[in-house]
Amino acid sequence: MASSSSSSQFVRRNIAGSGALSHVYIQYPPFRFNVPDSSRMIYDDGSRSLLVPSGNKMFSWPVTWQSHSDTPNIIILENSHVLTARFSLDGKILAVQNSDYEVSFYNRESGVKFKHPSRSHTERILGLFWTDCPACDVIFVTTGGLELFALAPKLDAVKLVDVKPSQVSWYSYTHESRLVLLASGMQCKTFLCYQFSAGGIIRLPKFDASMRKVDETSKAAALTPKDVHIATMYGRVYCLQVDRLAMELNVYRFYRDAVVPQGTLPIYSDTVAFSVVDGVLLVHQLASKVVLLYDIFADLNTPISAPLPLLIRRDIAFTAVGTSEDSDISSHTESKKLGSTESNIYGDSWNFANPDIILDQENGILWKIHLDLEALAASSSNVPSLLAFLQRRKLDALLAKQLSMTVLHAIIIERRPLSLISEAMDVVNKSYSQFLRTRAASTITRQQATRSQVSASGNQPAHNRVTVEKDTSQSSITTDVTPEASGNVEKSLEDLSLSEAKSSSSVNALEEGQEVDGTVEDTHKSMTSDTIEISKNVLPSIAQGNVTVSAISPEEMHFHVFVLINDEMEVEASFLAASIIQYMQSAVTEKLKVPAEIQVLLIDLLAREKRYGEIMHFVRTKVVDPSKEVAKQLLQIGKSYHPIFMLGLNMLRQLSFHGEYLSEILQQGRLLEALRYARQNRVEAVPPSTFLELAAASHDRQKLACVMRFCLDFVPSFETTSEYQTYSAVLNQQKLVLA
Amino acid sequence: MSELDTSVQLCIFDTSRGQSDGQELDKILFFYPSESPFSAQLSLIGLGEGIITFTKMFSPNAPCDIIDTEKRSHVFFQPEPDIWMILVIEKRKESGELGRTRALQAILMEAHGLFTLFYGSIRALLLNSPSGDVARSCLQAFLPDYISDVMTVKRLSMLSSHSGLQERGTIQMMALDRSTALEVQSVVDLLQSWFGSGRIHHTLLLFQDLLVSTTLPPEDAAHLYTYARMRLIPAAISTSSGGHSLKKVLSRANSSSVHLKASASDITAAGQRPSPADSSNHHSQFFTPRPLQHDKWWRDNDGFLVTDAWGVDAQGMSAITPTVWLQQSSQERMKLVAYQHKQLTVVMLISVMHLAPNADGSHVLRNQVLEKASNKLNALEDRLSKEWGGINANHVPGYRYLYVDYDSRVSKASPAGKIATLTKDSLLSLDKVRSEIDIAKGRCDGSGEAQPYELETCVRTRSNAWVVVRIRGNHELYLVLERASETLLLTAEATEKFSRRHCDGIFASD
């Protein structure tokens, strides 16, 4: 599928899906490793790598999905007891938690190792994570709160910077949201959250998880880490909290200074797990082995798809795309092995890692979850919301775009109600104009970044040094802060999202195509490269530098929807014309420019049904923009209906296409008028010979004399040209003939 | 002679009929006033026919326009081959000149255009009913109402004094912003699509008395627009609307139509005209509609306009939906359904051919419109009324103008209130210039030249006003500038400026 899309960018797609057996699939082959004596897998979402401790070694693979390097990085550990491990964000230092009270650090490059014991023996270390927050580098979560450490300059020790004391029973952290959630209290239902982003540390107000009392006497069980999930969807940060007794899922959204409940979803299984793929929330109902999909921008109360199981897709052609690995597929033992893993879907050994990774601990397999957009498109009956959903896809933007256009194509071909088409057009145009706005905003940001980079990298004279540094620091602030700060300042509920999260969700497709400059702030770079890794695999075209977004431009609309339909001739001209009108109307509402080709097509369609009156009306009211293309089309149609010809002629003249106008009136034999026009508008493109030839051809001596006179008067040094000689001879000859 | 008022006479006759002696009366299809003695009728027609035959010898294509005598003017108009209309107007001393021949002919043209809109062409009626009774009863049902509307001497003279900057039979468009125009078009398309494809064939949208949009070809649009302006727009419909019960409808229908009943057999013949659906519509067989009857349209509570001018159905339960004939587009018979919201009037035409026999599609349409479109239409009315520039929207300070586009039958002119500020002298001069140009154009039409007619004239009047005329093919611009100080050069410049700003530069002289 993706291979076909790379060959021709806009293959028309059939919305057939994979028989709609599932809407979500995991791609075979999975990432698997072979490490003897490995007990478990750790997925580090900060560095996007898979860590497998075995004996006194730590194997690690970057999870890029592009090339599964079979050779892992190996770090020799001093202590084979590993509770958890995380790489620093630059991948240089591995932090391993050996026990409740001790963390070891291993510098991969220098080989320096050091340990850091817990501050006191009363507080157990629950976990740790690295951060790109300017104040600190690594944070330990202990039962007594958060301990913020900074790396020493030589990277050989960590220094305590700050402590955020609080009672912690357990915690939850995702690197994507940079948010740590600390649970405390008897039932562990009081949550305290901090966000450690490049912009600084934000402490969010405490909030309590809502637990519905099903029955007065029954006491709700304490919440566990499995019940709470931090989800980042479309750059917004949400908290999902399971209420097992009520069989409900509570959704909260984090704002800078508030946590706002968003509603509840029913759950149908005792145990649920969550994934987020491309902004879509997947609620895995583990007991019933089905998955439900929710889109926060659509109605949260109704899933966007029917409950269907997760599917393993064995599409070999797909797997080969953009990857160099083929050893996995060729080996038969592998596929045999899969037989056992296949039955293992939603097995006990499955761990769901943020945001879309599944670890099969038992079989040593790592899966990545994908959305089957085609299946989703095939199963959805609500066209506008389907289109809105497709337009929000960022990961598989090219496919989403193709599907969107297929849907648009289909609704016109199937002659669905015009009101539906109108709604669909609105969705498409809204999405495109939003894309244009974001692009404009991001261009400005990038320009700022480049400007500062240029000034910083050049060989600056010494006295400029200070200003340069100032400039750089300013720009680094803007690159990090602008996306969230701009426009949001006046809002009381400030959106809690990271510059990275936002930019990756809204503009990522765009940025990926661009080269990431080394001088842009370090964190920024690492973030952006994060997104590159995934999407390069999914969208091969992006790797080739094509900017791909799901939004459909008016030009694409023309070539891949309207022209196609027009060529297929399956739908009558009037209906297509009405659809185009709907499109133009919504485009104009969104202040988009409608390309002249669409307008030409519209005129052509109307002319086919001889609706000349309407064409004239459209031209008069400027529904059809005056343009050269339109004027030419009018002249063409005008051959069978003269008033339209005049309309086209006048349009040419108004737009000052002098050459075209002159050639048209010369064709009509209006020679003298053409001369007058040429003089009035100082048209020099048409050579005198054109006029002279026509005059001579008319065998009208007077006319020829007129043109000669004109040329003598207005063409500099006309007497010296050969034309003068030729045509004065012709004139004399005609005189003789007459005499 | 009795006290018969003969200040206005109108006759319609067919020169191909009544060829043999003693059959002359058969030529006459219509005569107004109808009480005129046959001798008077025959003598008028005899004179007309004689003149036509005589002038044909010199100009076979355009025989005769007018006979101007000391007391009367005879205006000739040939709407269809062999069919002639003669309008006789008595001159009155106080009113002076009667104005341009073309302006008077335009009245006849309009009358004929409206007639064909409702009944089809006179020739078709004659072909279907060779005795001519159907044609006569139709003309009789239609023209007296029309005459009472426009053709009294008083009104005619009043019309003619201002007619220099007006063009009868053209459409006045509402000036629309591009996005509004697109929205209008989008709503029209939606409206047509909601009633199933192809059922609503055409729509005509008016805001007050201005046309907003239409899908009709220019000529049909102009006719329907004229009718809508006369009878359908909010200012024209019966104000005593409210609760017109069906009983009232019934009683009205009975009382007003008795004298119009023609013999049943004749009308059945009319029913066999091209449309097969016609015969299914039994009621029309007993009733010749009077579309121009006054106070016959009113607005129902649901916003639809109803009329009993086309009679009521057999049970007397509901009024019959009016039908019209489209001449230019399809030669088809269409049912006319009109919806009104505040200042917005939507005229929808449904093809009779597409309706099941005996089915009146208007009820289905009504429900559909109310259900789906009324919101959109109401929103559109809002938007239009915000965009409407008031009655002086078309006013251009310093200019009194008329711009006519005969291709699309659209005209744009200074508001009547502003035209009235012109001196009588200016108007008379304009009228004279226009008459001259009419004649020149008439000659040009006859010459059959392929090139578009072009003309530029600038006339200084006695009172130092300027009358400017520019013609480019089927586009004509008339300007009156009452600024005495201006030179010819300045006037030409002012004209160029006007042309650029208000006429898309069509009239540029180069």
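The values are calculated or read from the model by the stated rules, or taken from the named source; none is laboratory data. What you see is a predicted model; the values in this text were computed from it and never measured. All Cβ positions, glycine included, derive from the backbone under ideal geometry; neighbour counts span all protein chains shown. Heads up: the accessible areas ignore ligands, DNA and RNA and are worked out on the full protein's heavy atoms, side chains in. Shrake-Rupley method; radii C 1.70, N 1.55, O 1.52, S 1.80 Å.
Residue check: A:SER177 meets all listed conditions (1) assigned to a loop (DSSP other than H, G, I, E, B); (2) among the small types (Gly, Ala, Ser); (3) more than 28 Å from the chain's Cα centre (by Cα) but one, namely (3). The residue pairs whose first member lies in region A:368-386 and is open to solvent by 20 Å² or more (accessible area, probe 1.4 Å), whose second member is assigned to a helix (DSSP H, G or I), and whose beta carbons are closer than 6 Å, counting only pairs six or more residues apart or on different chains, are A:SER380/A:LEU386.
When only residues in region A:266-290 that are part of a strand (DSSP E or B) and touching an Asp or Glu at 6+ places or on another chain (Cβ under 7 Å) count, which is surrounded by the most Cβ atoms within 10 Å (Cβ to Cβ)? Selected residue: A:VAL280. Could you say whether any residue in region A:620-628 is more than 11 Å from chain B (Cβ to nearest Cβ) and modelled with pLDDT of 90 or more? Taking every residue of region A:620-628 in turn, at least one turns out to be more than 11 Å from chain B (Cβ to nearest Cβ) and modelled with pLDDT of 90 or more. Of the residues making up region A:559-573, those that are among the charged types (D, E, K, R) and within 12 Å of chain B (Cβ to nearest Cβ) number 1.
Could you list, in sequence order, all residues of region A:680-713 that are within 14 Å of chain B (Cβ to nearest Cβ), surrounded by fewer than 18 Cβ atoms within 10 Å (Cβ to Cβ) and in contact with a helix residue (DSSP H, G or I) (Cβ under 6 Å, 6 or more places away or on another chain)? Across region A:680-713, the qualifying residues are A:ASN681, A:VAL683.
The sole residue among A:CYS193, A:CYS136 that is part of a loop (DSSP other than H, G, I, E, B), surrounded by 15 or more Cβ atoms within 10 Å (Cβ to Cβ), modelled with pLDDT of 85 or more and not small (Gly, Ala, Ser) is A:CYS136.
Given the structure, is A:ALA587 under 28 Å from the mean Cα position of the chain (by Cα), more than 8 Å from every other protein chain (Cβ to nearest Cβ) and open to solvent by less than 10 Å² (accessible area, probe 1.4 Å)? Yes: the conditions hold for A:ALA587. Set side by side, the residues A:LEU606, A:LEU576, A:LEU634, A:LEU592 differ, and just one is open to solvent by 10 Å² or more (accessible area, probe 1.4 Å) and either more than 8 Å from every other protein chain (Cβ to nearest Cβ) or over 35 Å from the mean Cα position of the chain (by Cα) (or both), which is A:LEU592. Residue check: B:GLY311 meets all listed conditions (1) at pLDDT below 80; (2) at negative phi; (3) open to solvent by less than 10 Å² (accessible area, probe 1.4 Å) but one, namely (2).
Here is the figure for region B:201-229: residues that are within 15 Å of B:LEU336 (Cα to Cα) and either within 14 Å of chain A (Cβ to nearest Cβ) or touching a helix residue (DSSP H, G or I) at 6+ places or on another chain (Cβ under 7 Å) (or both) total 16.
Please work out which residue is farthest from A:PRO554 (Cα to Cα), limiting yourself to region A:571-615 and to residues that are in a helix (DSSP H, G or I), of a type in the set (D, E, K, R) and modelled with pLDDT of 90 or more. Applying the filter and picking the extreme gives A:ARG608. When A:GLN725, A:GLN654 are screened for being open to solvent by 40 Å² or more (accessible area, probe 1.4 Å), within 11 Å of chain B (Cβ to nearest Cβ) and at pLDDT 80 or above, only A:GLN654 passes. Elements of the type strands (runs of 3 or more DSSP E) sitting completely within region B:397-510 and holding at least 3 residues that are of a type outside the set (Asp, Glu), touching a strand residue (DSSP E or B) at 6+ places or on another chain (Cβ under 8 Å) and more than 14 Å from chain A (Cβ to nearest Cβ): these cover B:400-405, B:454-460, B:466-472, B:475-481.
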